[in-house]
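The values are calculated or read from the model by the stated rules, or taken from the named source; none is laboratory data. Computed from a predicted structure; not experimentally measured. Using ideal geometry, Cβ is built from the backbone for each residue, glycine included, and neighbour counts are taken over all protein chains shown.
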Amino acid sequence: MIGVELRKTFGRPRTWTTIAVLNALPVLVAVLLRITDLAPRPGEGPPFLSAVLTNGQLYPLAALAIVLPLFLPIAVAVVSGDAVAGEAQAGTLRYLLARPVGRTRLLVAKLVAVLAFVLVTVVVVAAVGYLVGTLLFDAQPVAAGTSVSGTSLTAEQLAGRTLLAIGYVAVSMLGVAAFGLFFSTLTDSPLAAALGALAVLVTSSLLLTLDAASPIAPYLPTRYWLAFVDLFRDPVLWRDVVRGLALQGVYVGVLLTAAWANFTTKDVTS
Amino acid sequence: MSGHGRARRWAVVAALVAVLLALPALVGALPAEDADVPAAELRAAAVASAGVAFSGYAVSAGGLSLPVSEQLPGVADLLSDRTAMRVWWRGPDEHRVDVVGAAGETGVHTDPGGTWTWEFESATARRDAPAALALPAPPDLVPAALGRRLLSEATDDELSRIGARRVAGRDALGLRLVPAAPAASVARVDVWVDGGTGLPLAVEVVADGATVPALDTRFLDVDLATPPAGVVAFTPPAEARVLPGEDTGGLLREAADRELSPVRLPAELAGLARRAVDGAPATVGLYGSGVTLLAVAPLPGRLAAGLRSTLAAAPGAVRDGSGTRITAGPLGLVLVEPPRSGAYLLVGTVTPDALAEAAATLTGAPS
C-alpha cells in the first residue's frame, strides 16, 4: 500500500516539476549574487545569504531559507491537499476503497507519501544549493566558518549542523502536510484543501507579526520555523528547536486523528 | 459505518485537543512554595548573589519608547523592545550575555580586563575597557544583575514581601520595593528571588500611575551549574573586523572641557542629594539614591542640536522656560541650555515636577 502510494507520488511528472520550480528561485538568487556581487547586509534578507559570498558551502542553508517562508509550504500544501481529494475528484477513491484495505491504512500510506515528498524536496533543494554554492562562490574547505556567536566551526561541525537544519526544515513542513491531508479528507476539491492549508499558514504568519497575538504565538504552526538558525549558535540553542519539533508533533497528531475520525466514517460517493 | 462510531471517533479527537490545550494552563498553575523569609533578609541574599554561577535564557520586555533611536539605537531598542538573552555567568567579572535575534545575535563577553562585544550582523568585535560610566547594555537587563542593582540601595522600610511565584520552574520569593523619595517616578519594583541561592529571577518595574510594567525581565530557563570557561571566553574570529572601544567618559570630558563657563552643579537638585561617582568627571552630576536617580551631563554642541530637534518633534514633549522635557514610563529626560553655557541633559527616574524643578535650578529661573 505504502509502496503503491510512493510510486504514485514520485511517478508523476508534476511532482518533479514542483521540485524543479522550487529550485529555480535559489538558483536565480545565486546567479544574481554572483553577477552583481551584492550580498545583502548581514542580518537583512534571508538568513545566511549574506555569508555565501565568502563561503559557498553555506548556500544549502540560504537556499532553504529562501524557499522556507512561501515556496516550500505552497508545494507541500498542494501535494498534501491532493492526497485524498485528488482521488475523489478523479473518481478513483471509490475503487481505491473497494480493495480490501482499511481506510486507516490508506490514510497512513498517503501520509507516508506526503512525508517522503517533503523530505525529498528539502534534500533536493539543499543538494542543488550545495552544487550551486560551491560552483558559483568560493568554498572554504579547511577553515569552515564562523558560528552566529562568533566562534569557529570545523568543517565537520558545519556539515553536521547543516544536516540537522535540513532535517529540522523537513519536520517544520509536517504541520503543513497534516493540515493539507486533513482538509483533503473534508472536501473533494484538491484546490480547496491546498488553499485551506495555505490559509492556516498565512493566518499564522500574520498573527506572529502582531504584538496583540503574543499570548497565542507559541502555539502558531509557523512560530518556530526560523529556529534552524539556532543550530548555528555556539553552544546550540536547543530551546526553540525542541519546541518547534514538539509543536509540529502535536499538530500532526491532532490533525491526523481528526483526519482519521472524519475519513473512516465518511460516505465516499466519488 | 454507524453514526455511533463516528461520534466516538470525534470524541477521541475532542478529548485529545482538550488535554493538549489544558496542559500549558496546568503547568502554569503549579503552585509555588513560599518560605518565611523576612524582606530585609531576602534583599541581603539577593544583593550578595553576584557570585552565584548559572546559565539561563531570559526575556526582557520594555515599554519605554525614548526618542533617541537615531542617536542611540542600541539603547532605544533595549528599553522599548522584547529582548531575548542567553546568559552564562561564572562570576561578576566573567560572564557572557548573548542577545538572540531571529537571524543573528550580539554577544557581550566580560572578563576581568574588559568586554568583547561580538555582532554577527556586521561581523565586528569591539573591545571595551571597564568603564565607570557606560550606556545601558544587554547584561544590565539580565534579571539577576538588574535585581541586584535595583535592590542595592533599598532601605528596609521600603521593602515588603509579596508571596511567591514560579519563575523558570523554580520557587521565587517576591520582594516589593516602594521608593520612599517624594521625587520618585517609580511606583514599585517587584523582584522575584530564588529561595535557595538568592538569585533574582524576575524583575518588574512599574511607573507611577501605570498598571503594566515599564520594564519586565525574567528568566524562562535557569540552570545553576557553573558554565564552562570556554563558553564565556571570546577570541575574535579571523574574518571579523576588530573595532576600538567606545569612550563614553572621554566624550563627557570633551564636552565639559569645551564649555567656557560650566554650570556649577549644586549639592542638591529637586530634593535629591548629590553623590560621588568614581571615575566620572566633575561636570557630571548624579543625584538621589536607590531607584530614584537623576543624572546631569554636559552635551557637546552637535549632540545637543540633534537632540533638541528630536525632542521638539517627539509627541508629548513639554517645552517651557527651562528646557524641553519628555517622559517615557518612569524615565524623564530634559534638555536645558542655561545662558552663556553649553547644553545639559538631565535624565532620571524622577517625576515630571521634580525634573522641571531641577531644570529651573540649573538655568537659574524661578521654578
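Evaluating B:Leu294 against the criteria (1) more than 21 Å from the chain's Cα centre (by Cα); (2) closer than 19 Å to B:Pro179 by Cβ; (3) assigned to a strand (DSSP E or B) leaves one unmet condition, (1).
Being within 11 Å of chain B (Cβ to nearest Cβ) and either more than 21 Å from B:Gly101 (Cβ to Cβ) or hydrophobic (A, V, I, L, M, F, W, C) (or both) is a description that applies to A:Thr265.
Yes/no matrix, rows are residues, columns are (1) away from chain A (no Cβ under 14 Å); (2) farther than 21 Å from B:Asp190 by Cβ:
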residue	(1), (2)
B:Ser80	no, no
B:Met85	no, no
B:Arg96	no, yes
B:Gly104	no, yes
B:Gly107	no, yes
B:Ala123	no, yes
B:Arg149	yes, no
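For the range B:209-229, the condition of being touching a His at 6+ places or on another chain (Cβ under 9 Å) and either part of a strand (DSSP E or B) or closer than 22 Å to A:Arg233 by Cβ (or both) holds for at least one residue. Looking at the structure I just gave you, is A:Pro47 of a type outside the set (Lys, Arg), within 14 Å of another protein chain (Cβ to nearest Cβ), touching a residue at least 40 places away in the same chain (Cβ under 8 Å) and buried (at least 21 other Cβ atoms within 10 Å of the Cβ)? Yes; evaluated as a whole, the condition is true for this residue.
Being within 17 Å of A:Val252 (Cα to Cα) and more than 7 Å from every other protein chain (Cβ to nearest Cβ) is the filter; apply it to the range B:4-21 and report the residue that is surrounded by the most Cβ atoms within 10 Å (Cβ to Cβ). Filtering first and then ranking leaves B:Ala14. Reported count of residues in the range A:22-44, each being at negative phi and without any contact (Cβ under 8 Å) to a residue 40 or more places away in the chain, is 12.
Conditions (1) at pLDDT below 90; (2) surrounded by 15 or more Cβ atoms within 10 Å (Cβ to Cβ); (3) assigned by TED's automatic domain parsing to the domain that holds B:Ala164; (4) under 17 Å from the mean Cα position of the chain (by Cα), marked per residue:
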| residue | (1), (2), (3), (4) |
| --- | --- |
| B:Ala25 | yes, no, no, no |
| B:Ala32 | yes, yes, no, no |
| B:Arg43 | no, yes, yes, no |
| B:Phe54 | no, yes, yes, no |
| B:Gly63 | yes, yes, yes, yes |
| B:Leu66 | yes, yes, yes, yes |
| B:Ser69 | yes, no, yes, yes |
| B:Ala76 | yes, yes, yes, yes |
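Among residues of the range B:231-253 that are under 16 Å from B:Trp116 (Cβ atoms) and within 14 Å of chain A (Cβ to nearest Cβ), none has a beta-carbon under 9 Å from a residue that is loosely packed, with under 14 Cβ neighbours inside 10 Å and modelled with pLDDT under 75 at least six positions away or on a different chain.
Would you point out which residue out of B:Thr211, B:Thr226, B:Thr197 is hydroxyl-bearing (Ser, Thr, Tyr) and buried (at least 17 other Cβ atoms within 10 Å of the Cβ)? None of the others qualify; the one that does is B:Thr197. When A:Leu106 is tested against (1) more than 14 Å from every other protein chain (Cβ to nearest Cβ); (2) surrounded by fewer than 21 Cβ atoms within 10 Å (Cβ to Cβ), only condition (2) is not met.
Restricted to the range B:322-350, and to residues there that are surrounded by fewer than 23 Cβ atoms within 10 Å (Cβ to Cβ) and of a type in the set (Ser, Thr, Tyr), the residue that is modelled with the lowest pLDDT is B:Ser341.
Answer with yes or no whether A:Leu58 is closer than 18 Å to A:Pro221 by Cα, out of contact with any Lys or Arg (no Cβ under 8 Å at 6 or more places or on another chain) and within 14 Å of chain B (Cβ to nearest Cβ). Answer is no for this residue. Only one entry of A:Ala116, A:Ala62, A:Ala98 meets the criterion of being among the hydrophobic types (A, V, I, L, M, F, W, C) and under 12 Å from the mean Cα position of the chain (by Cα), and that entry is A:Ala116.
A:Val254 falls short of the stated requirement of being under 30 Å from B:Val231 (Cβ atoms), of a type in the set (Val, Ile, Thr) and within 11 Å of chain B (Cβ to nearest Cβ).
Is it fair to say A:Leu237 is surrounded by fewer than 19 Cβ atoms within 10 Å (Cβ to Cβ), within 11 Å of another protein chain (Cβ to nearest Cβ) and touching a Leu at 6+ places or on another chain (Cβ under 9 Å)?
Values: surrounded by fewer than 19 Cβ atoms within 10 Å (Cβ to Cβ): no; within 11 Å of another protein chain (Cβ to nearest Cβ): yes; touching a Leu at 6+ places or on another chain (Cβ under 9 Å): yes.
The answer is no for A:Leu237.
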